[in-house]
Amino acid sequence: NNCVHLDVEKLDFPLTLRRWNEGDNFIPFGMEQRKKVSDFFIDLKLSLIEKERSWLLLSNTEIVWIIGKRIDNRFRVSDKSKKILQIELL
């Protein structure tokens, strides 16, 4: 969860960081349908403090990674990936 690998060709740079907002949604790794970030946090049983401390990595307006939790399925590495970006949370 602290290290992710992303398909560079699917990303728009520069990547940005921000806190999550009500209504944010993404496609969790391994799924094909969108899910609200708030519902994802409920599934993880995060406390209010953990939710408020959560950061998102974005490519344009799309969530790439709920940092430390899950990447968006659209940015995953596949057998067709030519360039891979590794991001590690220290």
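The values are calculated or read from the model by the stated rules, or taken from the named source; none is laboratory data. This is a predicted model, so every value here is computed, not measured. Neighbour counts are summed over all protein chains in view; Cβ atoms, including those assigned to glycine, are modelled from backbone coordinates with ideal geometry. Please note that ligands, DNA and RNA were not included when accessible areas were found on the heavy atoms of the full protein model with its side chains. Shrake-Rupley method; radii C 1.70, N 1.55, O 1.52, S 1.80 Å.
Would you point out the residue of region 9-54, among those that are over 14 Å from the mean Cα position of the chain (by Cα) and β-branched (V, I, T), that is nearest to E88 (Cα to Cα)?
I49
How many of the residues making up region 37-78 are among the hydrophobic types (A, V, I, L, M, F, W, C) and open to solvent by 80 Å² or more (accessible area, probe 1.4 Å)? Lay out the reasoning, then the answer.
Of all residues in region 37-78, those among the hydrophobic types (A, V, I, L, M, F, W, C) come to 37, 40-42, 44, 46, 48-49, 55-58, 63-67, 71, 75, 77.
If we keep only those that are open to solvent by 80 Å² or more (accessible area, probe 1.4 Å) as well, we get 42, 48-49, 55.
So the answer is 4.
Looking only at region 8-24, which residues are out of contact with any helix residue (DSSP H, G or I) (no Cβ under 6 Å at 6 or more places or on another chain) and either of a type outside the set (K, R) or closer than 18 Å to R74 by Cβ (or both)?
Listed by number, the residues that qualify are V8, E9, L11, D12, F13, P14, L15, T16, L17, N21, E22, G23.
Kindly provide the set of residues from region 38-53 that are more than 15 Å from R70 (Cα to Cα) and part of a helix (DSSP H, G or I), ordered by number.
Correct list: L48, I49, E52.
List pairs: first in region 72-90 and more than 15 Å from L15 (Cα to Cα) and part of a loop (DSSP other than H, G, I, E, B), second open to solvent by 50 Å² or more (accessible area, probe 1.4 Å) and aliphatic (A, V, I, L, M), Cβ under 8 Å, 6+ apart or cross-chain?
Listed pairs, sorted by first residue: V77/I84.
Among residues belonging to region 1-24 that are buried (at least 16 other Cβ atoms within 10 Å of the Cβ) and not aromatic (F, W, Y), point out the one that is nearest to R53 (Cα to Cα).
First pass over region 1-24, keeping only residues buried (at least 16 other Cβ atoms within 10 Å of the Cβ): 4, 6-7, 10-11, 20, 24.
Okay, now just the ones that are also not aromatic (F, W, Y), so 4, 6-7, 10-11, 24.
Numbers: V4: 19, L6: 23, D7: 26, K10: 27, L11: 24, D24: 15 Å.
Applying the filter and picking the extreme gives D24.
Can you tell me which residue in region 25-36 is most open to solvent (accessible area, probe 1.4 Å), limited to those that are touching a residue at least 12 places away in the same chain (Cβ under 8 Å) and either farther than 15 Å from F75 by Cβ or in a strand (DSSP E or B) (or both)? Working first, answer last.
First, the residues of region 25-36 that are touching a residue at least 12 places away in the same chain (Cβ under 8 Å): 25-32, 36.
Restricting the remaining residues to those that are either farther than 15 Å from F75 by Cβ or in a strand (DSSP E or B) (or both) gives 25-26, 28, 36.
Working: N25: 56, F26: 0, P28: 1, K36: 108 Å².
Among those that are touching a residue at least 12 places away in the same chain (Cβ under 8 Å) and either farther than 15 Å from F75 by Cβ or in a strand (DSSP E or B) (or both), it is K36.
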